[in-house]
Every structure is written in structure tokens, then in C-alpha cells.
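Data block below; observations after.
Each value in this text was obtained by applying a stated rule to the coordinates, not by laboratory testing. From a predicted model like this one, the values you see are computed outputs, not experimental measurements. Here Cβ is always computed from backbone atoms with ideal geometry, including for glycine, and neighbour counts include all displayed protein chains.
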Amino acid sequence: MPDLGPHAAFIIGAYAIAFVVLGMLTLITVVNDRKQARMLIELERKGIRRRSTAKPLTPSVKTKIIKSKPARAAAKRKPTRVRKPRT
Amino acid sequence: MPLRHRDNDAKRRPASLSKPHPCLKLAEPMQMPSEIALAAHDIACQRGGRTLFEGLSFDLEPGEALLISGPNGAGKTSLLRQIAGLLPLAAGRLGVTGADNDTPVSELCQYVGHLNAIKTSFSVGENLAFWAEFLDADENALPQALAAFGLTPLADLPAGLLSAGQRRKLALSRLFAAPRPVWLLDEPSVALDTVSVELLDAAIRNHLTAGGIAIVSTHVPLKTKFSQEITLGQERSI
Amino acid sequence: MSPAVALLVRDVKLAWREGGAIGVVLGFYLVVVAIMPFGLGPDLNLLARIAPGMLWVALLLAALLSADRIFHNDYEDGTLDVLATGPLPLPLLAAIKSLAHWLTTGVPLALMAPVLGLLLNLPLDAMPLLVATMFAGTPAVSFIAAIGASLTLGLRRSGLLLALLVLPLYVPVLIFGVSTVSMNIVGPGSPWPPFLMLTAISLASIVLAPLAAAAALRTAMR
Amino acid sequence: MISLANPTRFLNLVGAVVPWLAALIVILLGTGLYLAFFVSPPDYQQGETVRIMYVHVPAAWLAMGCFLVIAIAALGTLIWRHPLADVAAKAAAPIGACFTFVALVTGSLWGKPMWGTYWVWDARLTSMLVLFLLYLGLIALWQAIEEPGRAGRAAAILALVGAINIPIIKFSVNWWNTLHQPASVLRVDGPSIDPALLTPLFVMGAAFAALFVLLHLLAMRTEILRRRVRALQQTQVEHAVLAGA
């Protein structure tokens, strides 16, 4: 390494801080990643699966038409306007 | 719209006129577009990544009412908010017949939710007057709207002094201050006494007679004839 | 009365009545400006030199203090839901409510600033320009605050979060607002370029901020 | 892009890429440091302190580039509704904040020998400071909103507002800076840099960029896994409720 002159402390300091901050960030990122992966494996080992595959709960809708009405008129009528779902 | 609906109205009106009620006279002069029909096709609702319901459809002709029931958290409020345009539909569509083509569904609805939308520092009259102005309604209807739930004597009092039941009545008076064809009522009878519930019940019936639509979620039995009932809830199947 | 005017009148009335909201904001402004000389010393020359900056910073803080009023109360009591079913599109609604905030905080604060300027030995002939910059800049303050208010709607510690989100966005307003007045007092150069810049920022905020606020309101109401 | 839309495929891709990226970072960083300390000549004006540039300038590049990533992801959330967009935005914010922090601290350490003080309200440092505050606001907003859907959209709106504001802030700060200290600002950027200084700068820049990509991919994977864990825990609670617990 060359002689860094009178301001060596600042140069080394700048590099040290950069590496400490980015190193800590990397460490925290990796640790968090491992932690979540472990939790997921743990939950899956307990046999809990996502609803999209297992469907343990079915949200249900029961519609009761109390008063009979002219069914063909209702079937014929088309909504003039339709609100598209936003999502 | 087909003539059929006008015929229906003509048939219904005398039937309800034969049963006199204090509220009837108040609702009678109100002219509202009586030919709105509302239909939902296969709508679904998602909150926080969970599907509350899906595949929900209904079809309401003018003068028909829909009752929504189900346990807490089943999505009754969410459904009403979806119809009012406050929540996006996760799937499906909501259609209206009989309105101007550029009116959004939400502007046909008068939504009275859990919260009363009352400013406590305004007087009872000012609260109603604001909604009439903001919702672009005829301000001449204000005295009748105040009278609908018997709030006329309280008109000049600050709304902050009202009891819970009176606040609820003030919120419901909005239905008359700014008449709209579709009423969305979320547990409207909460905090109301028996007499007021009867007033509300009669008001809904009059609204239907005039060709309006009402969608109500309630746990209190009402005399109103609901033409459809939707029960939301989770099946217990594992 | 049209729906838009009705909403504006109602918001101004509410600010006037609810717990003297305008009075609290003006009182806060007075306290912040009055306490600064105790930290800086009573040197009138120094105070005159930094007066525009102090008046502007205190104004931003005072305006932020009242910013969660823009949507919060209406969100809490269910009014916002009914407003959303009204005839006004959401961005226009946000714009009117921001305008009401400007009328009830920006304008009173701008009018009070010269009085506080006296305490700080601000030269008398700089007063008209000070008020003019504040009238030109405070619309941006209110309209940008509305973005923050809608983003933090219904959250815990929303006041602090609002300040953290919005204060960095005020940097240009502060720079041009203060520069206009200091250019007039000490130079160098004409005060008009920064003044025009300030006006441009306000106009752009009036057009763009309600769009962002409306999008945030939609997210918050779900 | 189509293959990236599926979170599961994305997870597999991350798993395959990470080791190679890590190796690339080590090589680039090693080369960069060697060039910075042993090959690069001292600047005729600033002497040895110019070596701070090789860590300061790339950090500043990444600080700004990361905000660009967040802004694009914000468009992805609000307009295209890409399922990974808000994950990308959320994962990028803390990384961007760290790079900004590094840029600020190294800039300050560079300033002491050059200007005789740790902090000057120099236009570039000041803009960096405002950028840092914007990052803090984004992170705070993500943490304040519990429901991920709303948090994602709110943060996206804030990111776009910030992205529109950054050029205005930058312009106003530059203008303010020339007003208060005309022409005394040290200029190290621009075409006047000696090519001998440019090579190490670019190598370090590439190393930092690769590090950003690695951290971003990892953080995105973590976020996807976290959401899955949350969803599973929720089903677990529902099972317990139904079982009569």
C-alpha cells in the first residue's frame, strides 16, 4: 500500500465505514432470509399448507329468492353499464 | 325500461296506502327516479389477502329489497361498501339499468354505514343541509327530512348534544335530505328505539313503493318484504 | 350552492368552530418564533438577517401541525365515505379540502408573519414582499401536506410520520421563499426569479398533488 | 419478465443466481480495491484523499439508482399491478438508505481534509441528505401500515411523489448553493477527470451495483417468504378457530 499522506485516517475511515455499513446490511439480509426460510419449512413440516392448494375454508354465499318474479324479463335484461373490477 | 314496472307500481301503491302510517305522507311527495334496477354478477371480495366471499350475484328490479345476513366478519359491510363504490370488486361486475349512462353506480346510492357522518360542532339542521347541498339535492325537502325521524324540534341544537339513537336518526335522515334510488343500510337499527325502528321500517317500505331499491344488513326483523336474501358466511368444512 | 362550494364552506366553518383550530395554529406560530431569539441571543442585526428563514420554517411547522385535519376527522366519523359517493371526483374533493386548509392556515399565517417580523427586526420595507412570498408559497404547503395527510390516514403516530414524509418535499418552497425576501434585503440580485419559481411550484402542486392525494385516499378507504 | 411474474419461479431464479453474483462481487471488489489503492495515482490537486472518491461516488450512484428502481417498481404497483412490484420496492428502500448513508459519511470524511470541516452545505451533499430523508420516510411508511396491500400502494404513491420532487429539490439546492457560496465548490465529476482515475471508479461502481443486485434479490426473496409464512400462520389460526379452540 502506498503512503496515504497526512489524511490517511480519513481515507481508511471512509473505506472502513463503507464496508462496515454494507457488510452489516449484507449480514442482516442473509440472516433474515435464512430465518424466513426456516419458519416456512417448519410450518410446512407441521402439515399446514396454503389455502390455494388445500382449501380448508370455503367462503360461501347462499342466495334465497323469496318472491318469485318474471324470470324471463330478468334474464333478457342486460346491464347497460358495467363497472369493471378495479383489481 | 319496459312498461311492466310502471304497472307494478300502480298495483302496489294502493295496497300500502290502505295501511296509513305517519311516515307515508312524508315520503309521498318525493320524486325519485323510480326505474333503477341493480344487478351484481359473480362479485367477489378480498380483504387483506383473504377471500371473504365470491360468486355473489343478485338482481334487483325497481321496488325490490335485498336482505344481507351472516355472522360478524362475513363481509356484510364490505359488500355494501363495494356497491357504494368504496371498495373495489375483486371479481365480477355491478350493473345498473335505467340511469343516465354517465352516472356512476356510487352516485345512485345513499350509503348509511356504521359511522354516522355527523359533525358534532354543527347543528342538526346544518348537518342535513350540508348533505343536501353536497349531494346535489333539492333543499326544499329539508323540513320533511328533519321531520322524517322526528328531529324537527332539535334542528337548531348542536349535533354533539344528541344521544346515540338521535345521532343514528340524524344519519338516517340523510336518506330523505338527499333522496337517491338505492339505499344501502348497514345495521340501520343500531341504537334505535322500537318506535324509531318502525319508522325506519315504514320509510324503507315507502321507498320501495316509490320504485326505489334497498339493500339492508340487519339483525332486527323488519316488516319490509325482502324479495331476496343473501347469507354470507364460512362453511365449516375441513 | 354547488357541491364544491358547499364542501369548501363547510370545511372553513369547521376549522373556525372546532376547538379554535385557527387560533391554535397562530398561537403555535407565535410561540415558535418568539422562542428562537432566546436560543440565538438578542442581537437585532443577526435576527434581521435570519428573520425570513425563521418565519418560513416556523410557518411550515405550524401548517404541518394542522395538516392531519384535512382528512382525518372526516375519515374517523364516516363523512369521507359519504363524500366519496357524492358528485365530485376524488381528486377534486382532495383539491377543495386542500384549498380549505390553505384558507384556514396558509392565509392567516401569511397575514400574521409581518407582525412576528417586527419581533425579529425585519425591515419594514421587506414586509409586503414577505407576505407576497407567503401567499405565493403556502398553496404548495397545503396541497403537499394533503398528500401526507392522505397517506397517513388512520395510522398510529400519524402526525410525526406526516412530518417525516412531507418536510423533505418542502425544501424547494423554503429555499425560494426565503431567498426572495433575503434578496430584497441584502441581495445579491433581483428577488423576482425565486419568486416566480415559488409561484411555479405552487401552481404545479395545485395541479398534481390532488391526484396523488386522491390515489392515497382510495388506498386508505379500502 | 413473464417468468419473473411467478413468485415461485422467481425464488428458484434467485437461488440459482446468488452464488455466481457473490463470486462476481468478490472479484470486482478485490480488483477495485487493488486499483484504488495501488494503481491509481494521487490527484495533482487533492493528493491521496482522492481515493475516497472510489467509494463515495459509486455509493452516491447507487443511492440514486436505487430510488429509480423504487420509482419504476411504484409504477409497476400502481399501473401494471405486477405481483412482485411492491416486494421489489419494499426490499430496495433499506438498501438505498444504506448506500445513501455511506455516500453521506464518506462525503463528510472527504470534506474534512478538503474543506476543513466535516460538513459543508454543498449542493451534492445536501441533495444526498434530502434523498436520505425521503428513504427514511418510505421505510417509516412501510412500517406504519400493517396491511401489505395498502402499504405497497401508499409507498408507491410516496415514491412517485418523491421521484417527481427529486429533480426540483436538486435544482433548488443547486440554485441556493451558488447563491450562498459562488464558484467555491470543488468539482470532481465531469469530463475533466483523468482516465487513470476513471478505471478504478468504474470497477468499484460495478462492484457496488452487483452488491445491490445481490442484496435486492435476497431481500425480495425474504419478503416473499415472509408473506407466505404470514399466510400460513393465518390458516393455522383459522384451523384452530374451527377446531373449537
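Counting every pair of alpha carbons in the stretch C:33-154, the share spaced more than 25 Å apart comes to 35 percent.
With a sphere of radius 13 Å drawn around the Cβ of D:A91, what net charge do the other residues whose Cβ falls strictly inside it have (Lys, Arg +1; Asp, Glu -1)?
Charge balance in the 13 Å sphere: +1.
Over the stretch C:3-220, the alpha carbon radius of gyration divided by the compact-protein estimate 2.2 N^0.38 Å works out to 1.03.
The modelled label-to-label distance between B:A91 and D:F171, using points 7 Å beyond Cα along the C-beta direction, is 4.8 nm.
Annotation for B:E139 and D:Q143: the two label points, set 7 Å from Cα along the Cα-Cβ direction, are 5.0 nm apart.
Stokes-Einstein, applied to the Kirkwood radius of chain D over Cα pairs at a viscosity of 0.890 mPa s and 25 °C, places its translational diffusion at 122 µm² s⁻¹. For chain C, the longest principal axis of the alpha carbon atoms and the long axis of helix C:107-119 meet at an angle near 20°. Taking R0 as 35 Å, what's the FRET efficiency between B:V195 and C:S2 from their Cβ-Cβ distance, rounded to 0.05? In this case the efficiency is close to 0.40. When the P(r) is computed for the protein assembly as shown, the part past 34 Å accounts for 60% of the Cα-Cα pairs.
Shape annotation for the stretch C:121-179: C-alpha extents along the principal axes are 45, 20, 16 Å, from largest to smallest.
For a modelled paramagnetic label at C:A200, 7 Å from Cα along Cα-to-Cβ, the residues of the stretch C:170-191 in reach, with backbone nitrogen under 20 Å, are C:170-184, C:188-191.
Considering the stretch C:1-104, its Cα convex hull presents a mean projected area of 7.8 nm².
Principal-axis analysis of the Cα atoms of chain C puts helix C:21-40 at an angle of about 30° to the longest axis.
Using a 10 angstrom cutoff on alpha carbons, build the Gaussian network for chain D and name the most mobile of D:R230, D:R150, D:R124. Maximum fluctuation in the GNM of chain D, among the listed residues, is at D:R230. Can you give the angle from 0 to 90° between the axis of helix C:3-17 and the longest principal axis of chain C, with both taken from C-alpha atoms, to the nearest 10? So the helix axis and the longest Cα principal axis differ by about 60 degrees. Taking amide H as placed 1.01 Å from N in the peptide plane, the amide H of B:D59 sits under 5 Å from that of B:A40, each at least 5 places away or on another chain. Between amide H atoms placed 1.01 Å from N, distances below 5 Å from B:R47 occur with B:L52, all of them 5 or more places distant or on a separate chain. In this structure, the amide hydrogen of B:Q110, modeled 1.01 Å from its nitrogen in the peptide plane, lies closer than 5 angstrom to those of B:V182, B:W183, B:L184, counting only residues at least 5 positions away or on a different chain. Cβ-Cβ distance of C:L40 and A:L40, R₀ of 60 Å, FRET efficiency by 1/(1 + (r/R0)^6): the value works out to about 0.60. Residue by residue, the stretch B:48-63 carries 3J(HN,Hα) couplings of x, x, 9, 8, 7, 7, 8, x, 8, 9, 8, 8, 10, 7, x, x Hz when phi is fed to the Karplus relation 6.51 cos²θ - 1.76 cosθ + 1.60 (θ = phi - 60°); x denotes Gly or Pro. Histogrammed with a bin width of 5 Å, the alpha carbon distances of the stretch C:147-205 distribute as 4, 19, 20, 15, 13, 12, 9, 6, 3, 1 percent, first bin at zero.
Membrane-span-like helices in chain D (whole DSSP H runs, Cα extent of at least 15 Å along the helix axis, mean Kyte-Doolittle hydropathy of at least 1.0): D:7-34, D:53-75, D:123-144.
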